[in-house]
Amino acid sequence: LKMFYEEHLHLDDEIRYILDGQAYFDIRDKEDRWIRIAMEKGDLITLPAGIYHRFTLDETDYTKAMRLFVGEPVWKAYNRPADDFDIRHNYVASLQGSRE
C-alpha cells in the first residue's frame, strides 16, 4: 500500500474497478491542490495517462480492486517528479485547453 500512496503517474490510463471494500484516489486539480475521490464496491474510475495521483485505504483498511487495461498490460509507475514525459505534457496541455 505504501508504494501506491507515493504520488505517481502512468504512461497509460489507469482504470480501476472496486470489487469490495472502500478506498480513496487522490488527484491534483489545475492549481495542484489535492482532490480526494471516495471509492466503494461497484465504483469504476478512469484516470488519464499523465495525471499525478495516489491511492490509499479508508479507516476500514480493506479494499479489493481490479485494474483494467486497454491493450497490453503495463504496470510501471513513475513517481513525481516525472514531468519530462510527453504524456505528462499532453495531460497538462489538455487542462489548459479546458480553461477557456
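The values are calculated or read from the model by the stated rules, or taken from the named source; none is laboratory data. Everything numeric in this text was worked out from a predicted model, so none of it was measured. Backbone-built Cβ (ideal geometry, glycine too); neighbour counts: all protein chains shown. Quick note on the areas: whole protein, heavy atoms, side chains included, nothing else; ligands and nucleic acids left out. Shrake-Rupley method; radii C 1.70, N 1.55, O 1.52, S 1.80 Å.
For residue 92, which of the numbered conditions (1) open to solvent by less than 70 Å² (accessible area, probe 1.4 Å); (2) without any contact (Cβ under 8 Å) to a residue 24 or more places away in the chain fails to hold?
Of the numbered conditions (1) open to solvent by less than 70 Å² (accessible area, probe 1.4 Å); (2) without any contact (Cβ under 8 Å) to a residue 24 or more places away in the chain, the odd one out for residue 92 is (2).
Quick test of your reading of the structure: residue 57 fulfils all but one of (1) within 15 Å of the chain's Cα centre (by Cα); (2) farther than 15 Å from residue 10 by Cβ; (3) free of Cβ contacts under 8 Å to residues at least 12 places away in the same chain. Name the failing condition by number.
(3)
Looking at 23, 82, which is the one that is surrounded by 15 or more Cβ atoms within 10 Å (Cβ to Cβ), at pLDDT 95 or above and part of a loop (DSSP other than H, G, I, E, B)?
Details: 23 fails: part of a loop (DSSP other than H, G, I, E, B).
Within the list 23, 82, the selection yields 82.
Can you tell me how many residues in the stretch 67-78 are open to solvent by 80 Å² or more (accessible area, probe 1.4 Å) and without any contact (Cβ under 8 Å) to a residue 60 or more places away in the chain?
Matching residues across the stretch 67-78 total 3.
Against the condition at pLDDT 95 or above and over 12 Å from residue 14 (Cα atoms), how does residue 30 come out, does it pass?
No, not satisfied.
Suppose the filter is in contact with a strand residue (DSSP E or B) (Cβ under 9 Å, 6 or more places away or on another chain), open to solvent by less than 70 Å² (accessible area, probe 1.4 Å), at pLDDT 95 or above and not in a loop (DSSP other than H, G, I, E, B); does residue 54 pass it?
yes
Mind listing whichever residues of the stretch 7-35 are under 25 Å from residue 93 (Cβ atoms) and among the acidic types (Asp, Glu)?
If the condition is that a residue be under 25 Å from residue 93 (Cβ atoms) and among the acidic types (Asp, Glu), then 7, 12, 13, 14, 26, 29, 31, 32 are the ones that fit.
Report yes if some residue within the stretch 29-43 is within 10 Å of the chain's Cα centre (by Cα), of a type outside the set (A, V, I, L, M) and surrounded by 13 or more Cβ atoms within 10 Å (Cβ to Cβ); otherwise report no.
Looking through the stretch 29-43, none of the residues is within 10 Å of the chain's Cα centre (by Cα), of a type outside the set (A, V, I, L, M) and surrounded by 13 or more Cβ atoms within 10 Å (Cβ to Cβ).
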